[in-house]
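As structure tokens, the structure follows; a few thoughts come after it.
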Amino acid sequence: MGSVGAMDVGMTMPVMEPGLDADVLEAWARAIDEGPYSALSFGERMVFDNPESLTLLGAVAAWTSRVRVITTVVIPQLHDPVHLAKALATGDLLTRGRLTVGVGVGGREEDYRAVGADFSSQTRAEIARRVARMREIWAGDPVWVETAAPRRVGPPPVQPGGPPVVVGAVGPKSIRSAAQWADGLAGITMDLDLDGVARTFEQVRTAWAEADRPAPHLATSFWFALDDGDGSAREQVNRHLRHYFTWLPADLVEAMIPDLGFAGTPAELRATLERFADLGADEVHLIPTGDDVEQVRQVAAILG
């Protein structure tokens, strides 16, 4: 497995790129699985052209056999919790126990409105309640219906008690809340502020210790593009982020994007990953900013 020191490196599917088709998605999944990566991940949006996450989970399960599959992240408030628990248990079954569930409250009101979800449910308490309900389903607790005796909702997940649940928590209050129920952090480091990452990791370690929980899995992610020093990587990152940040005003996006993500040479990416490893990250997930599968092989060469 590819790593930098003791830190694992995963690769995100290019699900936020325009014009995807099944061939591109399958090529990426198979290349990640065949490479040195620890995990394959993908996230959720509703008002966008990305593939629906739970459907993609089934396909990725069939296209891979080795890597862990991680949702970074699904938003429980956009789903019925019983149906989501059943879908994720099915994903754990199809991946033969390779699923990790990343969850978050989401930051886009349009996604909530598109599915008729109440945006006021975007709270720490509500996500905790829904994760607890999913874990009840995974544990085999019965559901009650008016016309029949209580029945369980299967299939049972392969991993006892259900897949690990990690959280895209942001800020001290969210971290303290998540320490009560999550198994670790599924973060994103938009501007590669390593000092900020170090503070977040320390807050997470402290919160989990104070909650008397096992040591948390510390993972983060960042956008990336590679070049040979000619500046094309920054152009690729910026193009991707203009396409991605559809819910923000265009002038704000233009002000933000020069400072976001990684754009540089393979050697510079290796050095950046080493800095994350020095902070004690357990895992970093790289987020591609283009759909050329050659990027998977380029990073694999960097990992050695």
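Some observations on this one:
- Against the list (1) farther than 30 Å from Asp33 by Cα; (2) part of a loop (DSSP other than H, G, I, E, B); (3) of a type in the set (A, V, I, L, M, F, W, C), the condition Val253 fails is (2).
- Listed here are the strands (runs of 3 or more DSSP E) enclosed by region 30-118 that have at least 1 residues being of a type outside the set (Asp, Glu) and closer than 18 Å to Pro157 by Cα: 68-74, 99-103.
- Residue in region 132-147 that is modelled with the lowest pLDDT, counting only those that are β-branched (Val, Ile, Thr) and loosely packed, with under 12 Cβ neighbours inside 10 Å: Thr147
- Applying the condition of being touching a helix residue (DSSP H, G or I) at 6+ places or on another chain (Cβ under 7 Å) and part of a strand (DSSP E or B) to region 209-250 and asking which residue is surrounded by the fewest Cβ atoms within 10 Å (Cβ to Cβ) yields Thr220.
- Whichever residue in region 120-131 is in contact with a helix residue (DSSP H, G or I) (Cβ under 7 Å, 6 or more places away or on another chain) and among the β-branched types (Val, Ile, Thr) and, among such residues, is surrounded by the most Cβ atoms within 10 Å (Cβ to Cβ): Ile127
- Residue in region 177-196 that is in contact with a Ser or Thr (Cβ under 8 Å, 6 or more places away or on another chain) and at positive phi present: yes
- Of all residues in region 140-150, none satisfies being among the aromatic types (Phe, Trp, Tyr) and within 22 Å of Gly43 (Cβ to Cβ).
- Residues of region 7-29 classified as more than 22 Å from His217 (Cβ to Cβ), in contact (Cβ under 8 Å) with a residue 40 or more places away in the chain and not in a loop (DSSP other than H, G, I, E, B), total: 3
- Residue count for region 255-298 under the criterion of being free of Cβ contacts under 8 Å to residues at least 40 places away in the same chain, β-branched (Val, Ile, Thr) and crowded, with 17+ Cβ neighbours inside 10 Å: the result is 1.
- Among the residues making up region 161-174, those that are surrounded by fewer than 22 Cβ atoms within 10 Å (Cβ to Cβ) and at pLDDT below 95 are Gly161, Val170, Gly171, Pro172, Lys173, Ser174.
The values are calculated or read from the model by the stated rules, or taken from the named source; none is laboratory data. Remember, predicted model here, so these are calculated numbers, not experimental data. Note that we place each Cβ from the backbone using ideal geometry, even for glycine, and neighbour counts take in every protein chain shown.
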